[in-house]
Amino acid sequence: MTEPYVYDETNAAIYDAAVPLQPNEVEFYLELAREAEARAAKSASGGGGRTLELTCGTGRVAIPLARAGVRLAGLDNSSAMLDEARRRSADLPNVEWIEGDMRAFDLGEQFGLITIPVGSFQLMLTVEDQLATLACVRRHLAPDGRFAFEVENPVATEIAEWLTNRRGAFLRNPSRDYISPTTGRRVTSWGTIEYHPSEQRYTSHGYTEELDDAGVVLQRTYGPPMTLRYFHRYEMEHMLARAGLAVEALYGDLAKNPYRATSPDLIFVTKRADH
């Protein structure tokens, strides 16, 4: 297995500001959680009603679900991110935070819904790591449970732009601008992407600038590079089948629009292939 990417205290302090909830994100996963609860209520055992979010981080998605009444567990490999999640959910009795590796965990429980939001499955860079994660998911999935996850849709024209015209250039990324939770100042984001098509990987490099009220740069901070794997539709469908998971639905975004070549995401909802 490859060394996992682990978010530190600096990431944890700004994560929710820098990676805000997407439109329809909470609603998408809340609907799936409600469906899982309804299935569990009808089952003979009554089990499998809880939701498990892998790479839950600070609870960005999990805490809104818990506040809506969903019983859930969140697993992440970053103690710093989980500390922030615990702080923000101290008043919630229906959420549990677990430190662990999504490639190798054993919780002794099956869940009605397992999720990996916001493309975190792309942190699994090798086939070995990807299949190990999916094996853990299947083992923890209730017989009638669902597994839902998002990955970016690799658009060929955008990749070509980064390999040619944009190569090496740092561009503004307004979607990642935020207000610093510590200073209250505006923070702007800049980034570049280094694609390696033969490996289906890319490495993002970026920095942020904190500005005063007049727009003067007070501080520039360079973040560590992050390498992600990107997946094509049928590659992923074959991998899921190999892991014993059947695709029930495929969407192109969190609003459940049909997947198209230019969709921003590949969002899969799957179930155990034997059910």
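The tail of the calculated P(r) for region 92-222, taken as Cα-Cα distances beyond 21 Å, holds 60 percent of the pairs. Measuring how big the chain is from its alpha-carbon positions, Rg and Dmax come out at 19.1, 64 Å.
Measuring nothing but how far apart in sequence close Cα pairs (under 8 Å, 6+ apart) lie, relative to its length, the chain scores a relative contact order of 16 percent.
Scattering from region 143-207 was approximated by placing one identical point on each alpha carbon and applying the Debye formula without solvent; log10 I(q)/I(0) at 0.16, 0.25, 0.28, 0.30 1/Å stands at -0.71, -1.11, -1.24, -1.31.
Site pair Glu161 and Ala68 shows an inter-label distance of 3.2 nm when each label is modelled 7 Å from Cα along Cα→Cβ. Here the label points at Ala90 and Thr126, each 7 Å from Cα along the C-beta direction, are separated by 4.1 nm in the simple model. Summarising the overall dimensions of region 17-124 from its C-alpha atoms, the Rg and Dmax are 13.4, 44 angstrom.
If you roll a 1.4 Å probe over region 150-215 with all protein chains in place, what percent of the accessible area is carbon or sulfur?
Here it works out to 48 percent.
The long axis of helix 127-140 is offset from the longest Cα principal axis of the chain by roughly 40 degrees. For region 58-109, the fraction of C-alpha pairs more than 16 angstrom apart is 36%.
The values are calculated or read from the model by the stated rules, or taken from the named source; none is laboratory data. Predicted model only: the values in this text are computed from it and were never measured. Counting neighbours? That spans all protein chains shown, and the Cβs are built from the backbone with ideal geometry, glycine included. The accessibility values were calculated without ligands, DNA or RNA, using every heavy atom of the protein model including side chains. Shrake-Rupley method; radii C 1.70, N 1.55, O 1.52, S 1.80 Å.
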